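The values are calculated or read from the model by the stated rules, or taken from the named source; none is laboratory data. Note that the structure is a prediction, hence the values are computed from the model and not measured. A quick note on method: Cβ atoms are made from the backbone with ideal geometry, for glycine too, and the neighbour counts reach across all protein chains shown. In case anyone asks, the SASA skips ligands and DNA or RNA and just uses the protein heavy atoms, side chains included. Shrake-Rupley method; radii C 1.70, N 1.55, O 1.52, S 1.80 Å.
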Amino acid sequence: MKTESSGLENCVLFIEWLDIRSLFFDIIPCFMKQREKVSKTVFIFDASSIALSVARWLSFLLKWKIKIVRFELVDIQDQNHFSLRLRLDYFDLGIIQDKIVASRVFQNYIHHFKNEQFLGSYLAKDLLAFDHTSLNRHRQILHALTLINVSRWYLKGKEERIKLFLRQRDWAEVLREYACDFDVELIFVAAFQNTAFTLKKVLRQFFAKYIHWSIWGLRNLQFFLRKTSDANKLSTKRKFLGASRYQLAVEYYGHLNLDRMDTFSDLFFLQPSVLKGEDITLLFSLPQDPFDENKWQQLQKQHISALVRFPRASCLPQDKAPLHDPWSVPAAWHLSGRLPDREKESDDFEILRNKTIEYNRYFGYWKDLFQKGNIRLYTHWYKYDAGHIPLTDALRSLGGITTFYQRALETQSMRALAVVADVVFCYSPNNFAVEKENHSQIAHQVVTGFLGDFRFPYLKEKAVEIARPLRQKGVKCIIAFLDENTLDDGRWFTGHAFTQKNYSYLIEKVLQDSHYGIIFKPKSPGNLMRRLGPVAGMMEDLQRCGRAVILGGGSLQGMYPPVLASLAADLTIHECLSAGSAGVEAALAGASTLFLDTEGWPVSPFYQGGLGKVVFQDWNSMWQACVDFFEKPQAKASLGNCEPFLAAVDPFRDGQAAQRMGNYLKWLIDGLNCGLPRETVLADANERYARLWGKDKIHSI
């Protein structure tokens, strides 16, 4: 609904952040200049307490009304009944990325590095970076798009023009063009460095940042002093920190469990495959879950090496846990092009320049780590920011190979999920088109099937054990409920109110009928009761009745896969259609699974199962389906039947996906250790895989 109108007739003011400076130098002058044409209500998203008090006091003089914009992002749908949050993630961010990449500034800049294969992808993907919990989210493009759309939605269809005051951002002209389509005029206001914080927040930031890092530095100094002798021995006796053979590096992310087949493990592909522990170096980088004696002993049994990426990520001496000190990496320029000079007239050019320096630093860090660790093969699942791209570039410069594996269901294109790698292990051939639309740079895609399916038979005994106490309480109908994580601030992502609403509805229904019991499998069990807030009391009541089980465990997230709850239950409900990985896992294990779509995502392939059969758009119809499932035998055949789209998720469904991935990795590391060029190693592995599983399971670009 783009317009060419000018002036401020029927104009409404929205303010992202109100501070004293913006109040007196931007907001009041705009309001006074054409006060007869501006709405008397001024809408504010956030404000310092002082500025808000002053603005309200001035309302007596200026005759305006200050209103705080309150909303939950999960409740907002656009005019097509699409979830605003999901539309921004899947569609609008891609549009903005295309416009920026096509801009003169971006193209002129990247021309300086025309021989760098991956730098352009890094800069493009970094445009989409977002962190909903970051204090600097005002610099993120997604945050600006959210503010533009929420401002228009908040007026409930009224035709007034909107003047939105935003803090200064990168790529302002592209954002202005986007906002025009919603009849929103953007005004970018300058802000002092710390205007985003009240005095209380400034002090909190000071203590959190400077004192925290001072303590961190002192602890690290103590760490180094305590281990100086060990470090000197290592540095004088060995050229590198790793094993004598080339190694496969794997990131530790909270799940070891090397002797178990029924739980999550960061090395899940080791046990069912021909890959050996001596081929692997596990990288530790989590201070909240450091490398300790117990983990060391588990690795020793499997002959797995360890390499610590940060000092506080280990409790052990360096003879057990060699440390790659990030501060010891020598500064050097690794890129082929020369860093262009600054352009004072272009803030966007300066942003690209700073990001290039960042890319070069990451490249140097990873190249140094791979050299010292004797690492030539790498695998991980985390592709959600641009940080993996210089890693891929660095390992390729050493003749190594980078692989990533699919951890979550991806049925639709989303630019933020673009990946740059030599090999990506994916669930099905459908991912070929998705990655192409994501603008991923992947040399080879290898179809493995769903990588967690080998756990299904090992979980059945545990599932019976979980269901037993519920059955003993007289429960005849067990429902498994799989949730997604939520954040404290529901304005910028799904908030706790969403969790509370869903849990309260289910708990209330189950409390009303003693024949029902429920198994909750939260994505983050450690903070569930805090997220439930006032609903936590209802949960405790249900637990006291003996008709509720909460599956937990694990250092960072639950150690058991969500399918455990489904195998113990008669019927499964997944609360979020857009993040359907847990529900699909349940369906692949044979569980009748229902998906809730209260956000609004009608383009989801889950709708192939049928509205009112697999997908439900409100809780009342969902619960009625549950009742029908248990009380009407004829309903069981159709309710929760996900077969229509499971073949597109996993063409194998044979429990051997992890084995296929592990064997492929073994072929790669063995080939590299034979001294073969990386291209030859990849070609040989692809040929062997195609002979075993079919040429259609390999997609090479």
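Where the eigenvalues come from the Cα gyration tensor of region 556-634, what are the semi-axes √(5λ) of the equivalent ellipsoid, largest first, in whole Å?
Values: eigenvalues 76, 58, 23 Å².
Square roots of five times the eigenvalues give 20, 17, 11 Å.
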Dipole-positive endmost among Gly600, Tyr664, Gly640 within region 586-667 (Cβ charges, Cα centre): Tyr664
Reduced Cα scattering model of region 443-595, Debye log10 I(q)/I(0), q = 0.08, 0.13, 0.16 Å⁻¹: -0.22, -0.58, -0.87
Fraction of alpha-carbon pairs in region 435-489 farther than 17 Å apart, rounded to whole percent, equals 69
Let me know the charge dipole size of the chain about its Cα centre in debye, to the nearest 20, where only the beta-carbon of Lys, Arg (+1) and Asp, Glu (-1) is charged. 1580
Just the number, please: Stokes-Einstein D of the chain in µm²/s, Kirkwood Rh from C-alpha pairs, 25 °C, 0.890 mPa s. 88
Cα centroids of region 574-636 and region 450-483: how far apart, whole angstrom? 18
For Ile518, the residues 5 or more places away or on another chain with a placed amide H closer than 5 Å to its own amide H are Ile479, Ala548, Val549
Principal axis dimensions, region 8-81 - Cα atoms, whole angstrom, descending: 41, 30, 19
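Would you kindly state how much longer the chain becomes between Ile187 and Ser514 on full extension, computed as 0.36 nm times their sequence separation minus their alpha carbon distance, in nm to one decimal? Mind showing how you got there, number by number?
Details: separation 327, 0.36 × 327 = 117.72 nm, distance 5.83 nm.
Here the segment from Ile187 to Ser514 would lengthen by 111.9 nm.
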Residues whose placed amide H lies under 5 Å from that of Gln77, excluding near-sequence neighbours: Leu84
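Using 0.36 nm per residue, how much length does the chain from Ser328 to Asn620 gain when fully extended, once their Cα-Cα distance is taken away? Kindly include the intermediate steps, with their values, before the conclusion.
Numbers: separation 292, 0.36 × 292 = 105.12 nm, distance 5.97 nm.
Here the segment from Ser328 to Asn620 would lengthen by 99.1 nm.
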In Å, descending, principal axis extents of the Cα set of region 341-388: 45, 23, 9
What is the distance, in nm, between label points placed 7 Å from the Cα along the Cα-to-Cβ direction at Lys695 and at Glu251? 3.6
The computed P(r) of region 591-648 puts the percent of Cα pairs beyond 18 Å at 29
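Can you compute the charge dipole magnitude of region 504-613 about its Cα centre, using +1 on each Lys and Arg Cβ and -1 on each Asp and Glu Cβ, nothing else charged? Give it in debye, rounded to the nearest 20. If you can, show how the numbers build up before the last one.
On the way: 8 positive and 9 negative charges, 41 e Å.
It comes to approximately 200 debye.
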In whole Hz, with x marking every Gly and Pro, tabulate ³J(HN,Hα) for region 502-507 from phi via Karplus 6.51 cos²θ - 1.76 cosθ + 1.60, θ = phi - 60°. 5, 5, 5, 4, 5, 4
Whose amide H sits under 5 Å from the amide H of Asp597, counting only residues 5 or more places off or on another chain, with H placed in the peptide plane? Phe616, Gln617, Asp618
Using the Karplus curve 6.51 cos²θ - 1.76 cosθ + 1.60 with θ = phi - 60°, what ³J(HN,Hα) values do you get for each residue of region 106-120, in whole Hz, with x for Gly and Pro? 5, 5, 5, 5, 5, 4, 5, 10, 5, 8, 8, 6, 10, 4, x
J(HN,Hα) series, region 288-295, from Karplus relation 6.51 cos²θ - 1.76 cosθ + 1.60, nearest Hz, glycine and proline x: 6, 8, x, 5, 10, 4, 4, 5
Separation of region 243-300 and region 41-75 by C-alpha centroid, Å? 52
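Using the eigenvalues of the Cα gyration tensor, what equivalent ellipsoid semi-axes result for region 37-156 when each is taken as the square root of five times the eigenvalue, whole Å, largest first?
Details: eigenvalues 260, 68, 36 Å².
Sorted largest first and rounded, they come to 36, 18, 13 Å.
Normalising by the residue count of region 505-590, find the relative contact order in percent from Cα pairs under 8 Å and 6+ residues apart. Intermediate values should be presented prior to the final figure.
On the way: 80 pairs, mean separation 23.5, N = 86.
Relative contact order of region 505-590: 27 percent.
Could you tell me the calculated FRET efficiency between Met529 and Glu36, based on Cβ-Cβ distance and R0 = 41 angstrom, to the nearest 0.05? Please report the intermediate quantities before stating the final value.
Numbers: r = 53 Å, r/R0 = 1.30.
My answer for the efficiency is 0.15.
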What order do Met661, Met559 take when sorted by accessible area (1.4 Å probe), most exposed first? Met559, Met661
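Express the relative contact order of region 39-118 as a whole percentage, based on alpha carbon pairs under 8 Å and six or more residues apart in sequence. Spell out each step's value before the answer.
Working: 42 pairs, mean separation 16.9, N = 80.
Contact order relative to length: 21 percent.
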Set Lys and Arg Cβ to +1 and Asp and Glu Cβ to -1, take the dipole of the chain about its Cα centre, and tell me which of Ile401, His515, Cys576 lies farthest positive. Ile401
What share of all Cα pairs of region 77-135, in percent, falls into each consecutive 5 Å distance bin? 4, 15, 21, 19, 15, 12, 8, 4, 2
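Note down the net charge around His439, summing +1 for each Lys or Arg and -1 for each Asp or Glu among other residues with Cβ under 10 Å from its Cβ.
Details: positive: Lys125, Arg415, Lys436; negative: Asp98, Glu435, Glu437.
Neighbour charge sum, excluding His439 itself: 0.
From the C-alpha coordinates alone, can you work out the Kirkwood hydrodynamic radius of region 333-484, in Å? Before the final figure, lay out the partial values.
Values: mean 1/r = 0.0525 Å⁻¹.
About 19.1 Å, per the Kirkwood formula over Cα pairs.
Mind checking the per residue accessible area of the chain for me, 1.4 Å probe, whole number of Å²? Intermediate values should be presented prior to the final figure.
Working: 30830 Å² over 701 residues.
Ligands and nucleic acids excluded, the figure is 44 Å² per residue.
Rounded to a whole number of µm²/s, how large is the Stokes-Einstein D of region 636-701 at 4 °C and 1.567 mPa s, given Rh as the Kirkwood radius over C-alpha pairs? Before the final figure, lay out the partial values.
Numbers: Rh = 14.1 Å.
It comes out at roughly 92 µm²/s.
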Sorting Ser336, Ser244, Val649 by the position of each Cα along the dipole of the chain (Lys, Arg +1; Asp, Glu -1; all at Cβ), the one nearest the positive end of that ordering is Ser244
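Using a Förster radius of 51 Å, what is the FRET efficiency between Glu350 and Arg56 based on their Cβ-Cβ separation? Nearest 0.05, please.
Details: r = 38 Å, r/R0 = 0.75.
So the FRET efficiency works out to roughly 0.85.
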Relative contact order for the chain: what percent, with Cα pairs under 8 Å and sequence separation of 6 or more? 13
